[in-house]
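Trainee: A single structure is presented below for examination.
The values are calculated or read from the model by the stated rules, or taken from the named source; none is laboratory data. Here the structure is a predicted model, which means the values were calculated and not measured. Here the Cβ positions follow ideal geometry from the backbone for every residue, glycine too, while neighbour counts run over all protein chains shown.
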Amino acid sequence: MTKLPFSGDAEAFLHAHTVLDRAPLVPEVALHLATEITPIWRATEAWLEAEGIEPPFWAFAWPGSQVLARMVLDDPAMVRGRRVLDFAAGCGLAAIACAMAGAASVEAAEIDPLAVAATRLNAAANGVTVTAELGDVVGALCRWDVILCGDVCYERPMTAHVLPWLRRMAADGAEVLVADPGRAYLPREGVAAVCKMAVPTTMELEDRTERLVTVYRLV
């Protein structure tokens, strides 16, 4: 079980602070998510800091991951029989969709121990196998055929950290897809738009009721 920075175990924490729910765009996948009725939705930054918890990005099905999961489930040939990495996986939605679509293997990369625990719990809830390990894979040699990235260009430091490595993965033969809902730091060069989808969201998360997500292939 993933070790947490506070007293308790990850599975108990997840059960206490989430409910089993489904993302609007991907109702086929059950996920442990925060909703208006769960404590972590209303948690303050002071409470999170006191508990030693990073912002709970893993507790929400973000628009980019929803679109990647929808693409895979609508076109399983994208990943069937291939080795897939869900990079910065959050709750593991895209990874689970890949496993459901028949990927040969699925890894979910995360640096947040609660995100790793959430991905494992969510994979079990859907009866699929996903390898979720704690750690930063940036810098690793390419061992994947497909790399899916949902909304990773939201901050300049994050983009500067991951993008050169993702471009190297593309140069080494991986198909690298980045789903972006209009964040400021997505590069405008070296990417090719693949598709666009509108995703329902909430005012609490996005300050709007819908996000238009574009999926780009690194070229």
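Trainee: Six or more apart or on different chains, Cβ atoms under 6 Å: show the pairs whose first residue is in region 106-129 and crowded, with 21+ Cβ neighbours inside 10 Å and whose second is assigned to a helix (DSSP H, G or I) and among the hydroxyl-bearing types (Ser, Thr, Tyr).
Mentor: Short answer, once both residue conditions are applied: ALA108/THR119.
Trainee: Just checking: which of the helices (runs of 4 or more DSSP H) contained wholly in region 38-99 hold 3 or more residues that are modelled with pLDDT under 95 and surrounded by fewer than 18 Cβ atoms within 10 Å (Cβ to Cβ)?
Mentor: Helices (runs of 4 or more DSSP H) meeting the threshold: 45-51.
Trainee: Can you name every residue in region 152-202 that is in a loop (DSSP other than H, G, I, E, B) and modelled with pLDDT of 95 or more?
Mentor: Those that are in a loop (DSSP other than H, G, I, E, B) and modelled with pLDDT of 95 or more: ASP172, GLY173, ALA174.
Trainee: Something else now. Taking the options ARG211, ARG188, ARG167, name whichever one is more than 19 Å from PHE87 (Cα to Cα), of a type outside the set (Val, Ile, Thr) and in contact with a Gly (Cβ under 8 Å, 6 or more places away or on another chain). Walk me through it before giving the result.
Mentor: Working: ARG188 fails: in contact with a Gly (Cβ under 8 Å, 6 or more places away or on another chain); ARG167 fails: more than 19 Å from PHE87 (Cα to Cα).
The match here is ARG211.
Trainee: Among (1) surrounded by fewer than 17 Cβ atoms within 10 Å (Cβ to Cβ); (2) closer than 30 Å to ALA43 by Cβ; (3) under 19 Å from the mean Cα position of the chain (by Cα), where does LYS196 come up short?
Mentor: LYS196 satisfies every listed condition except (2).
Trainee: Hey, ASP74 hits all of (1) acidic (Asp, Glu); (2) in contact (Cβ under 8 Å) with a residue 40 or more places away in the chain; (3) closer than 26 Å to ARG208 by Cβ but one; which does it fall short on?
Mentor: Among (1) acidic (Asp, Glu); (2) in contact (Cβ under 8 Å) with a residue 40 or more places away in the chain; (3) closer than 26 Å to ARG208 by Cβ, ASP74 violates only (2).
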